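Some notes on the structure that comes next.
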Amino acid sequence: MDTNKTIKLTLLVFGLGGLFLLYYLFNPSQSTFFLSCPIKMVTGYHCPGCGSQRAVYQLLHGHILAAFRLNPLMVLTLPLLVYGLGLTLYNYIFSTSHRISLFYNNAFIFGYFAIAILYWVLRNIPYAPFTFLAPTE
């Protein structure tokens, strides 16, 4: 592996490690230096990502159900993201070109965005059972 790749991978590992450490040590609901959702600040509505920072904190502490309550879409999407990023890193390190055909399937892409938009709408309906989808403050 060439020096340029090694430097980039080292920076990536330290960057991700730093983020994991930050989210492990500091609870976003109690720390003021985490960014608030700009969509919620402007509109008052929860976006599809609202609760994700707190969900990551809960996941890093092994509280899967608590994370799911904060943002179920993010928790369910996380394995796909990790797999996709892992494959991308593998391709980068070993100079291969493996692809996940699902990620290039139009039905999957449009379907996922339709689910995200539906989730966005449903989590802002203030009546049961939809209140389950809104993250607790």
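Taking Thr3, Thr43 and ordering them by how much accessible surface each has at a 1.4 Å probe, largest first, produces Thr3, Thr43. Carbon-plus-sulfur accessible fraction, the stretch 8-133 (probe radius 1.4 Å, protein heavy atoms only): 74%. Computed from the Kirkwood radius of its Cα pairs, the Stokes-Einstein diffusion coefficient for the stretch 14-134 at 25 °C and 0.890 mPa s stands at 151 µm²/s. Between helix 106-122 and the chain there is an angle of about 30 degrees, using the helix long axis and the longest principal axis of the Cα atoms. Kirkwood's formula applied to the C-alpha pairs of the stretch 64-131 gives a hydrodynamic radius of 14.2 angstrom.
Taking other residues whose beta carbon is less than 12 angstrom from the beta carbon of Phe132, and scoring Lys, Arg as +1 and Asp, Glu as -1, yields +2.
Size descriptors for the stretch 27-85: radius of gyration and Dmax over Cα atoms are 12.0, 34 Å.
Each Lys and Arg contributes +1 and each Asp and Glu -1, all at the Cβ; summed about the Cα centre of the chain, the dipole is approximately 40 debye.
The values are calculated or read from the model by the stated rules, or taken from the named source; none is laboratory data. All values derive from a computational prediction rather than experimental measurement. Every residue, glycine as well, gets a Cβ built from its backbone with ideal geometry; the counts of neighbours run over all protein chains shown. Side chains included, ligands, DNA and RNA excluded: accessible areas come from the protein's heavy atoms. Shrake-Rupley method; radii C 1.70, N 1.55, O 1.52, S 1.80 Å.
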